[in-house]
Amino acid sequence: MDRALEGYASEKESSFLYGVLAEVERGTPREELFRKLADAAEEQAEVWATHLSRIPEVSPSLRARLVARLVRRFGVPALRPALAAMKVRGLSAYDHGHEKPSEVVGSEKRHAMVGGGNLRAAVFGVNDGLVSNTALILGVAGANAGNHVILLSGVAGLLAGAFSMAAGEYVSVRSQRELYEYQIGLEREELAEYPEEEAEELALIYAARGLPKDDARELAQRITADPARALDTLAREELGLDPSSLGSPLGAAQSSFAAFAIGAALPLMPFALASGWVALGAAVALAALALFSVGAALSLFTGRSALYGGARMLAIGSAAGAATFAIGRLLG
């Protein structure tokens, strides 16, 4: 009976999520896909219902409602890891196929600024700042340093870490973007010089994927007739690149700086308002709450229990903080 109830609730929750995805993708070919998946989930729920003596009232879990809200705000691609963790099917529709339907272009451009990796990176950035600065502050506090020394150390740790993260992210994204721009530039030159050869290469790619040769050649000729569309398609199919989402080095640097700084500022705030053991106790409590919250948030991407994720992150952060505090006491 418990298994039937669990299966019934799971399918009803899936139906809810598919309905949200269809709502977000309204007007695109993906809407029909998610509508059909929602109907299929309802049918599966009815199958489970036959094993129940009473049909219960079920509502989506807190996690499902949170993911649905984020999907409405940022779009499906941004939440793809979280949706996959919740066993949502049909996400392969966001992989590039033979040809990108024109109806989908607008939807993808709306969400180009936010990717699934960006959201996850932001959570990890906050976690990095939180753990590193909490450990630093506890190490200095363990050495019996005065409040002004703890504040100075905490601010220095925040700025040093945030600037280091920002600089590293800027160089990484800038280097990657330069490489991609160079490759796309070469593809643009080849398309201008040898359009027929490029069309033939594209046709071979489509044929290798199972498209009949004549259809593949016709599709390739139709695409290469429009230079802008041809370059976009060739970059995706031959180079595996998405020209619309190469990423902004400055934007990546700013995001990394902000995420790290937010996490690093949390354990530092009590020392700006109080001092001594009161400030230290408040900092430990605030850091513990934040660590648990970050761990719970990461469960969106792992599919594990939020309680388990929060407890695990709290344990890891506590171990790091306790070790640095003990070392500070020893050295102090």
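Things worth noting here:
- The angle separating the long axis of helix 62-74 from the principal Cα axis of greatest extent in the chain is about 60 degrees.
- Region 1-42, accessible surface, carbon-and-sulfur percent (1.4 angstrom probe): 49 percent
- Sorting W48, W277 on solvent-accessible area from highest to lowest, probe radius 1.4 Å, gives W277, W48.
- Sites E57 and R89, calculated FRET efficiency, Cβ-Cβ separation with R0 22 Å, nearest 0.05: 0.30
- Surface exposure of the chain, expressed per residue as accessible area with a 1.4 Å probe, stands at 54 Å².
- The heavy atoms of D128 offer some 70 square angstrom of accessible surface to a 1.4 angstrom probe.
- Only lysine pairs 8 or more places apart, or on different chains, with alpha-carbon atoms under 24 angstrom apart are counted in the chain, and they number 6.
- Rounded to whole numbers, the Karplus 3J(HN,Hα) couplings from phi for region 133-147 are 6, 4, 4, 4, 4, 5, x, 5, 5, x, 7, 6, 6, x, 4 Hz, using 6.51 cos²θ - 1.76 cosθ + 1.60 with θ = phi - 60°, and x at Gly and Pro.
- Calculated diffusion of region 27-89, Stokes-Einstein form, Kirkwood radius summed over Cα pairs, 20 °C and 1.002 mPa s, µm²/s: 158 µm²/s
- With Cα atoms, 0 to 90° folded angle of helix 29-49 axis to the chain main axis: 70 degrees
- Estimated translational diffusion coefficient (Stokes-Einstein, Kirkwood radius over Cα pairs, 25 °C, 0.890 mPa s) of region 3-51: 228 µm² per second.
- Taking L219, L33, L314 as the candidate residues, the one with maximal mean-square fluctuation in a Gaussian network model of the chain, Cα springs under 10 Å, is L219.
- Under 20 Å from a label point set 7 Å out along the Cα-to-Cβ vector of E43, the amide N atoms of region 66-92 belong to 88-92.
- Three-way shape label, region 196-332, alpha-carbon gyration tensor, a/c 1.5: prolate
- Whole-number D in µm²/s for the chain (Stokes-Einstein; Kirkwood sum over Cα pairs; 20 °C, 1.002 mPa s): 91 µm²/s
The values are calculated or read from the model by the stated rules, or taken from the named source; none is laboratory data. Here the structure is a predicted model, which is why all the values come from computation and not from measurement. Cβ atoms come from the backbone with ideal geometry, glycine included; neighbour counts cover every protein chain shown. For the accessible areas, the whole protein counts, side chains as well, though only heavy atoms, and no ligand, DNA or RNA atoms are used. Shrake-Rupley method; radii C 1.70, N 1.55, O 1.52, S 1.80 Å.
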